[in-house]
Amino acid sequence: MRFLNKLLGREDAVTLDARRIYGKLMVQSRMPEFYAKGRFSDDYDGRIDVLTLHIAAILSNLNRFGQNGERLGQALFDEMKDDFEIALREEALSDASVKKRIQPMISLFYDRVKRYAEGLHEENRTSTLEAVFTETLSKDDGEVQVNAYAPQIATYLESFDRSLTSKTLGEIALTDFGFPALPS
């Protein structure tokens with residue numbers, strides 16, 4: 001139905017709100033300060049991680065608004081998935097290849113959102129998020145390494161999440177929120 005509405009130029013307010021939120025999160029997630037040695041890698045996985053930490057805070061806060069928050073959260077997920085599919089199609093992949101490659105991307109997204117959101121709801125948020133980011137920022141050699149950036153990005157995510165708790169659903173939908181200072 002969503003595809004048909006797009007085709008006919010009729011998009012509902014929730015879709016437009018989700019697109020606005022996704023666009024703002026995407027711009028923030030592309031800030032070069034997130035990507036450097038010892039930080040997120042400037043590749044597929046690293047970019048998804050940074051986008052996902054922002055989406056996790058939004059989704060966590062949308063849960064406060066019941067069914068309307070759930071609808072906006074689902075629309076936000078749909079925007080992200082559509083964006084991933086467009087990026088893959090721009091690589092001139094066939095439908096079968098897009099479907100095959102989108103699954104790992106979505107799985108990575110779900111895994112990260114779950115871990116970040118759980119960290120935001122833990123009693124000891126800071127240490128939980130630091131542990132999650134230490135693992136996320138570690139090299140793929142299987143060994144978790146101490147990472148000086150993990151506490152900074154954990155504090156950043158906590159601050160962003162905390163700033164959203166005072167926002168109404170309408171303020172979030174209209175992207176009337178800001179971001180904390182980027183970790184230096």
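Just so it is clear, none of the values below were taken in a lab; they were calculated from the coordinates. As the structure is a computational prediction, the values presented were derived from the model and not from experiment. Every residue, glycine as well, gets a Cβ built from its backbone with ideal geometry; the counts of neighbours run over all protein chains shown.
Here are the numbers for the structure shown:
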| read-out | value |
| --- | --- |
| Neighbour net charge for SER163 - beta-carbon separation under 12 angstrom, K R +1, D E -1 | -2 |
| Extended-chain gain in nm, criterion 0.36 nm per residue less alpha-carbon gap, GLN67 and LYS167 | 34.3 nm |
| Chain lengthening between LEU182 and ILE102 when straightened (0.36 nm per residue, less Cα-Cα) | 25.8 nm |
| Listed peptides 158-166, 111-119 by packing density, highest first (mean Cβ within 10 Å) | 111-119, 158-166 |
| Most to least packed among 123-136, 48-61 [average Cβ atoms within 10 Å] | 48-61, 123-136 |
| Fewest-first ranking of LYS37, LYS24, LYS99, using other Cβ atoms within 10 Å as the exposure measure | LYS37, LYS99, LYS24 |
| 3J(HN,Hα) from dihedral phi, segment 123-136, Karplus parametrisation 6.51/-1.76/1.60, rounded to Hz, x for glycine, proline | 5, 9, 3, 4, 5, 5, 5, 4, 5, 4, 5, 4, 5, 4 |
| Computed E for GLU123/TYR35 - FRET, C-beta separation, R0 25 angstrom, nearest 0.05 | 0.20 |
| For segment 161-170, Karplus couplings with θ = phi - 60° (6.51, -1.76, 1.60), whole Hz, Gly/Pro x | 4, 4, 5, 7, 5, 8, 8, 7, 4, x |
